[in-house]
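Report on the structure given below.
The values are calculated or read from the model by the stated rules, or taken from the named source; none is laboratory data. Since the structure is predicted, the reported quantities are computational estimates derived from the model, not experimental observations. When we count neighbours, we look across all protein chains shown, and the Cβ atoms used for this are built from the backbone with ideal geometry, even at glycine. The protein model used for the area step is the full one, side chains on, heavy atoms only, and it has no ligands, DNA or RNA in it. Shrake-Rupley method; radii C 1.70, N 1.55, O 1.52, S 1.80 Å.
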Amino acid sequence: MKKTLRTIIQLILFIFIFQSLSYSQELTATDDTGFTLHLLQPPQRIISLSPGNTEILFALGLGEKVMGVTTYCNEPQEALTKEKIGNVTEIDLEKILTLQPDLILASSLTPDEAIVRLRELNLSVFILKSESIAQVIEDIQKVSILGGVESAGQALAQTLQEKMKQITDKTNSLTDTQKPVVFHIIWHDPIWTAGNHTFINEFITLAGGKNLAGDLNGYSTVDIEEIIRRNPAIITVIESHGGSDQSQLYQFVTTDSRFQSMDAIKNQQVYLVDSDIVSRPGPRLITALEFFAQIIHPELFGKYEFKNQK
Amino acid sequence: MSSRIRNNIGKLKKANVLLLLGIVLALGMMIALGIGGGRFRFSEMILVFHYSSLSASERTILFDIRLPRILLSVLVGAGLSLSGAVLQGLFQNPLVDPYVLGISSGGAVGAVIAILSGISLGFFTIPLFSFLFALGTTFLVLRLGQIGHKFPLETMLLAGVAIGFFFSALISLGMFLAGENLHQMVFWIMGGLWNSSWKKVLAILPPIAITLPIVFSYSRELNAFLLGEKVAESMGVDVEKVKKILLVISSLSVAACVSVSGVIGFVGLVVPHVIRIITGEDHRLLLPASLLLGSSVLLWADTLSRSLLHPVELPVGVVTSLLGAPFFIYLLRRKKRER
C-alpha cells in the first residue's frame, strides 16, 4: 500500500516536472541583453513599449493579446484602439500594473530604470535591441517562441529573408562603379545623417549604394563642405509623420543654393522616405529595404513612389 | 605677470592694442578660409582671389559655406563680447554675461514654441521667433525691474534671473513634450553656427551695426559707472537714461546673436575679463578691444568645432565653454598669485 502510494506520488511528481520542463523548453528565449526569460504558458496579456515591437506582435497574429501600446504605435490601424501606456521614453508604471501583463516587450529606447522597476515587480520583461535587419528577423522568431506561435514566426522570418534575398541577389553582382553615393538627411540645422551601425546604412549598402556617411558612427552631424565634396548622386530625405518640418527639410535640400552643385540636385534625385517605415525595428524594415532598392536602382526594381502612409 | 604686461601695454598706445587685435582677427579670418575638410590648405586661402578659376563646387564651398560662416562667427563673437563688456560695466558685477536679463532663455522659449507649434514661415521661422521672444523678454525684465522712473540694477538683475528660471522651466516642459522634435531643440539650445548662410549674416548685420556707434559713444559714462552710480550721477551723468539706452541696445544685438546661433556660452563672460586683465578698465579701450578679441575667439572656436572631429561637427557652444573655462581659471589664478 505504502509502496503504491509512493509510486503514485512519484508518478504525479514526474508528470508535473515533465510538463513544466516541456513548457519551459517551448517558451524560453534569450533577449538582446542576454537575459533569458521562461514563460510557463503562452502570454495572454502583452504590453509593447515601442512601435516596432507592436508591429512585430501584430504581424505574428498576437494582436488580440496586446493590451497596451505607446502613443507612437500607429501601425497597424488596430493598434490605435489599444490602451496607451505612455510614449516610448516615458512610461506609466501604474498603467502597466493595472493592465496585469504577463509579457512586456521593451525596446532599446525604454529607460533602464523602468526595466529594473518592472522586473522588481516580478513582471516578465523581454528586451529587443536589434541593430541589423538579420537581428530583427531573429527577434521576430524569439517573440514567436515566447508567444507560443513559433510556426508563424518561422513563416514570417522566411518570407522576410526571401524578400531580402531577392534584392541582394541582384545587388551583389553590381560593380563598385555601379553603386551610386547616397546621402540620407534627417535634419538640416545642423545637418544630421545616418552613419554606420544604422538601419539606413544597411538599406543603402544592401540596396546597391554607397552611404556618403558610411565612415561616421551612428547618427551624426556632418560638415556641409564634406557633402559637397563627396557629391551624392541620390539624396533621401526623412519624412516624419504629421509634422510640418518634412516639407521644410525637403525644401531646404532642393532649394538651398549650397546644394545646387551636387549631382543629386542637378538630376533631381531627391526622394522622401517615411520615417515610420525606415526607422522601426520591425517587419516593415524589409519594405524600407525595397524602397531604397527602388530609389537606388529603379532599372532593377522598378520606380519608387512615395506614399504618405497616414 | 599681468602687472608687467600692463606696464608694457601701458606704454603702447590705445591705437596699437586695437591695431594688433585687428591684425590678429584679419589674419585669423584669412587662415580660417583655408581650413576645411579637416586640414588647412594655403591654396584655398589664396584661391578666393581667383574666382574665375574655381569649379562650381569649390565656389560653393568657399563663398557660400566658409565665408558666411566666418563672417557670422565674427559678428556673433563681436555682439556677445561687446554686450558682455557693457553689461559688466553697467552692473559692476563680474559674473554678469550677455544673457543676464534672461535673453537666452527667452530666445530659447521662442525657438521651442516655433518647433512645437509647427508654424512654418519658411527657414526663418525659428530665428524670427527666438529674436522676438528674446527682445520681448528684455522689455518684460525692464518693466518688472522698473521702480517709478528708475531702473535699480539689483532689481533688474533679480528680475532677469527670475524670468530666466521661469523660462527654463518652460523650455524643459517643451522638451518633455517634444517627442520626435526633441533633437531640434537640443541642438538649438546647445548653440552652433552650423548652417550659416548669407541670409543669416545679413539678418544680424543691421542690429550689430546699430549697436556699435551707440555703445562706443557711452564709453565715458561707463567709466563713470566704475565709481558707482551715485558718483556717476554727481559727475553729471544721466544715470537712468544711460542704463535704459545701454540695456535696450545691448539686448538688441544679443537677441540677434541668439536668434541665429542659439546659446553660445562663455565668450560674452570671459572676453571682457581677459581684456581688463591686459588693458585695464578704461571703456574707451575695453569696448573695442573686447569686440575684436571676441570675434577672434568665436572664429577660432567655430573653426575648431568644424575641424576637430571632421567630418562630424561639434556644437560651438560646447567648444567655447570647454576651452574657455579652464583658460579663465588659469588667468584668475595667475592674477591672484600676484597680489
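For segment B:53-67, check the following and say yes or no: at least one residue is part of a loop (DSSP other than H, G, I, E, B) and within 30 Å of B:Leu27 (Cα to Cα).
There is at least one residue in segment B:53-67 that is part of a loop (DSSP other than H, G, I, E, B) and within 30 Å of B:Leu27 (Cα to Cα).
Would you confirm, using the coordinates I've provided, whether B:Val263 is open to solvent by less than 10 Å² (accessible area, probe 1.4 Å) and of a type in the set (A, V, I, L, M)?
No: the conditions fail for B:Val263.
Of these, B:Leu54, B:Leu18, which one is surrounded by fewer than 18 Cβ atoms within 10 Å (Cβ to Cβ), in contact with a helix residue (DSSP H, G or I) (Cβ under 8 Å, 6 or more places away or on another chain) and in contact (Cβ under 8 Å) with a residue 40 or more places away in the chain? Break it down into steps so the answer makes sense when it comes.
Numbers: B:Leu54 fails: in contact (Cβ under 8 Å) with a residue 40 or more places away in the chain.
Going through B:Leu54, B:Leu18 in turn, the sole match is B:Leu18.
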Taking segment B:191-226 and keeping only residues that are touching a His at 6+ places or on another chain (Cβ under 7 Å) and not aliphatic (A, V, I, L, M), one is left with B:Asn195, B:Ser219, B:Asn223
In segment B:22-43, anything open to solvent by 30 Å² or more (accessible area, probe 1.4 Å), part of a helix (DSSP H, G or I) and either within 14 Å of chain A (Cβ to nearest Cβ) or more than 23 Å from A:Ser261 (Cα to Cα) (or both) is listed as B:Ile23, B:Val24, B:Ala26, B:Leu27, B:Met29, B:Met30, B:Ile31, B:Phe42
So A:Glu131 clears everything in (1) outside any helix (DSSP H, G or I); (2) over 19 Å from the mean Cα position of the chain (by Cα) except one condition, right? Which one?
(2)
Long-range neighbours under 7 Å by Cβ, at least six apart or interchain, first residue touching a residue at least 60 places away in the same chain (Cβ under 8 Å) within segment A:117-135, second part of a loop (DSSP other than H, G, I, E, B) and among the aromatic types (Phe, Trp, Tyr)
A:Ile127/A:Phe35
Count of residues meeting criterion [at the interface with chain B (Cβ under 7 Å from one of its Cβ atoms) and not acidic (Asp, Glu)] in segment A:198-230:
7
Within segment A:175-197, of all residues that are open to solvent by less than 10 Å² (accessible area, probe 1.4 Å) and within 9 Å of A:Ala213 (Cβ to Cβ), the one farthest from the other protein chains (Cβ to nearest Cβ) is A:His184
Determine which member of the set B:Gly164, B:Gly192, B:Gly179 is within 11 Å of chain A (Cβ to nearest Cβ) and under 20 Å from the mean Cα position of the chain (by Cα).
B:Gly192
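Okay, residues lined up against (1) over 29 Å from B:Ser290 (Cα atoms); (2) touching a residue at least 40 places away in the same chain (Cβ under 8 Å):
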{"position": "B:Phe133", "(1), (2)": "no, no"}
{"position": "B:Gly136", "(1), (2)": "no, no"}
{"position": "B:Leu144", "(1), (2)": "yes, no"}
{"position": "B:Ala169", "(1), (2)": "yes, no"}
{"position": "B:Gly174", "(1), (2)": "yes, yes"}
{"position": "B:Glu180", "(1), (2)": "yes, no"}
{"position": "B:Ala209", "(1), (2)": "no, no"}
{"position": "B:Ser219", "(1), (2)": "no, yes"}
{"position": "B:Phe225", "(1), (2)": "no, yes"}
Restricting to segment B:14-28, give me the number of residues that are within 15 Å of B:Leu287 (Cβ to Cβ) and of a type outside the set (A, V, I, L, M, F, W, C).
2
Pick from A:Gln251, A:Gln246: which is over 25 Å from A:Pro51 (Cα atoms), surrounded by 15 or more Cβ atoms within 10 Å (Cβ to Cβ) and at pLDDT below 90?
A:Gln251
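This table checks each residue for (1) outside any loop (DSSP other than H, G, I, E, B); (2) open to solvent by less than 70 Å² (accessible area, probe 1.4 Å).
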{"site": "A:Leu109", "(1), (2)": "no, no"}
{"site": "A:Ala114", "(1), (2)": "yes, yes"}
{"site": "A:Val136", "(1), (2)": "yes, yes"}
{"site": "A:Ile145", "(1), (2)": "yes, yes"}
{"site": "A:Gln154", "(1), (2)": "yes, no"}
{"site": "A:Lys163", "(1), (2)": "yes, no"}
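Take the residues of segment B:315-328 that are open to solvent by 40 Å² or more (accessible area, probe 1.4 Å) and hydrophobic (A, V, I, L, M, F, W, C): which is farthest from the other protein chains (Cβ to nearest Cβ)?
Of segment B:315-328, the ones open to solvent by 40 Å² or more (accessible area, probe 1.4 Å) are B:318, B:321-323, B:326-327.
Filter once more, keeping what is hydrophobic (A, V, I, L, M, F, W, C): B:318, B:322-323, B:327.
Working: B:Val318: 12, B:Leu322: 17, B:Leu323: 19, B:Phe327: 25 Å.
My answer is B:Phe327.
Hey, could you check segment A:255-268 for residues that are open to solvent by 50 Å² or more (accessible area, probe 1.4 Å) and at pLDDT 90 or above and say which is farthest from the other protein chains (Cβ to nearest Cβ)? Don't jump to the end; show me each part of the working.
Quick first cut of segment A:255-268, residues open to solvent by 50 Å² or more (accessible area, probe 1.4 Å) only: A:255, A:257, A:260, A:263, A:266-268.
Still in the running and at pLDDT 90 or above: A:260, A:263, A:266-268.
Values: A:Gln260: 7, A:Asp263: 10, A:Lys266: 10, A:Asn267: 15, A:Gln268: 17 Å.
Restricting to residues being open to solvent by 50 Å² or more (accessible area, probe 1.4 Å) and at pLDDT 90 or above, the top hit is A:Gln268.
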Can you name every residue in segment B:110-162 that is modelled with pLDDT of 85 or more, part of a helix (DSSP H, G or I) and among the polar types (S, T, N, Q)?
B:Ser130, B:Thr137, B:Thr138, B:Thr155
Of the conditions (1) of a type outside the set (S, T, N, Q); (2) touching a Ser or Thr at 6+ places or on another chain (Cβ under 8 Å); (3) facing chain A (nearest Cβ under 10 Å), B:Phe187 fails just one. Which one is it?
(2)
Residue by residue through segment B:84-109, note down the ones that are open to solvent by 10 Å² or more (accessible area, probe 1.4 Å) and part of a loop (DSSP other than H, G, I, E, B).
B:Gln92, B:Asn93, B:Pro94, B:Leu95, B:Asp97, B:Tyr99, B:Val100
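Results for (1) within 14 Å of another protein chain (Cβ to nearest Cβ); (2) of a type in the set (Ser, Thr, Tyr); (3) part of a loop (DSSP other than H, G, I, E, B); (4) out of contact with any strand residue (DSSP E or B) (no Cβ under 7 Å at 6 or more places or on another chain), shown as yes or no for each residue.
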position	(1), (2), (3), (4)
B:Arg276	no, no, no, yes
B:Glu281	no, no, yes, yes
B:Leu298	no, no, no, yes
B:Glu313	yes, no, yes, no
B:Tyr330	no, yes, no, yes
Does segment B:70-83 include one or more residues that are open to solvent by 10 Å² or more (accessible area, probe 1.4 Å) and either within 11 Å of chain A (Cβ to nearest Cβ) or among the aromatic types (Phe, Trp, Tyr) (or both)?
no
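So which residues in segment B:114-135 are more than 22 Å from B:Lys199 (Cα to Cα) and either of a type in the set (D, E, K, R) or crowded, with 16+ Cβ neighbours inside 10 Å (or both), if there are any at all? Break it down stepwise before answering.
If we filter segment B:114-135 for residues that are more than 22 Å from B:Lys199 (Cα to Cα), which is where we start, we get B:116-117.
Selection gives B:Leu116 alone.
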Considering segment A:191-238 alone, what residues qualify as being assigned to a strand (DSSP E or B) and of a type in the set (Asp, Glu)?
none
Matching residues in segment B:182-207 - criterion: being free of Cβ contacts under 8 Å to residues at least 12 places away in the same chain, of a type in the set (Val, Ile, Thr) and in contact with a Pro (Cβ under 9 Å, 6 or more places away or on another chain)
none
If you scan segment B:196-232, which residues turn out to be within 14 Å of chain A (Cβ to nearest Cβ) and buried (at least 21 other Cβ atoms within 10 Å of the Cβ)?
B:Ser196, B:Lys200
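Would you confirm whether or not segment A:212-222 contains a residue that is touching an Asp or Glu at 6+ places or on another chain (Cβ under 6 Å), open to solvent by 30 Å² or more (accessible area, probe 1.4 Å) and within 30 Å of A:Asp169 (Cβ to Cβ)?
Taking segment A:212-222 and keeping what is touching an Asp or Glu at 6+ places or on another chain (Cβ under 6 Å), we get A:221.
Adding the requirement that they be open to solvent by 30 Å² or more (accessible area, probe 1.4 Å) leaves none.
For segment A:212-222, residues touching an Asp or Glu at 6+ places or on another chain (Cβ under 6 Å), open to solvent by 30 Å² or more (accessible area, probe 1.4 Å) and within 30 Å of A:Asp169 (Cβ to Cβ): absent.
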